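Data block below; observations after.
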Ligand code: SF4
Ligand code: SF4
């Protein structure tokens, strides 16, 4: 179960409206002369309102926002451990951590943040070499939550005008977050890649890797296989 801190206003509120003006999610509503009302569905749990409140009238309270799942994907070539050895990271290939938002939740950024926290703790426990975050497409809150504090981001795009437009947005976001970024062009042979290359140049970057459209890749993907199993695409 995942929990997130959301604001719970207390009696000492002086109706100053500072929290309303601070909240970027429009999660606080205040009618003239009335106490503020918090709309938890819009709240990202960022904590800005309880930080700025001059009367310490807002306290965070835990609310269920979703669930986290931990899946073990074992390397079939590794030694099979006996029961007492599980879970021994020596015998694993990957730990896959996923999160599901509670039905009807408007703001899913906190779910990503909590799943990421869980994955980071797991990685520390297992002394993992790498941790990979796969985000949704776009530049909205869940993507920002996933990118925060990453060492490197791969911006995966396609050779279309929309691909170039979205690439521009994500490269701008990574620049603001100071996350080093590399560009991967998917289905590189299907469209016109000049717009994507132009966008890359405007950030003094280049397309690092092109992945062609391939029925073989689609079939491998549908069987849950990694691209690295198709050696000719991974050099
Ligand atoms: S900032 Fe604090 S005191 Fe001001 S309206 Fe919000 S809860 Fe009330
Ligand atoms: S925690 Fe952040 S998003 Fe939620 S009400 Fe406060 S300022 Fe708005």
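The values are calculated or read from the model by the stated rules, or taken from the named source; none is laboratory data. Note that the structure is predicted; figures quoted are calculated from it, not measured. Please note: Cβ atoms are built from the backbone with ideal geometry, for glycine as well, and neighbour counts cover all protein chains shown.
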#### Entry: Of all residues making up the stretch 48-57, the number that are within 6 Å of ligand 2 (Cβ to nearest atom) and either at pLDDT 90 or above or farther than 20 Å from residue 140 by Cβ (or both)
1
### Query
Among the residues of the stretch 137-154, which ones are modelled with pLDDT under 90 and surrounded by 12 or more Cβ atoms within 10 Å (Cβ to Cβ)?
138, 139, 140, 141, 142, 143, 144, 145, 146, 148
### Residue among 111, 68, 115 that alone is outside the structural domain of residue 18 (by TED's automatic domain parsing), buried (at least 18 other Cβ atoms within 10 Å of the Cβ) and at pLDDT 85 or above
115
### Task
Could you grab me the full set of residues in the stretch 10-21 that are modelled with pLDDT under 85 and near ligand 2 (Cβ under 10 Å from one of its atoms)?
none
### Query
residue 76 versus (1) modelled with pLDDT under 80; (2) touching a strand residue (DSSP E or B) at 6+ places or on another chain (Cβ under 9 Å): which is the lone unmet condition?
(2)
### Task
Those residues that are more than 10 Å from ligand 2 (Cβ to nearest atom) and either assigned to a helix (DSSP H, G or I) or surrounded by 14 or more Cβ atoms within 10 Å (Cβ to Cβ) (or both), I need them from the stretch 22-47; list them, please.
30, 41
## Note on the structure
Of the listed residues (190, 177), the one being in contact with a helix residue (DSSP H, G or I) (Cβ under 8 Å, 6 or more places away or on another chain) and at negative phi is 177
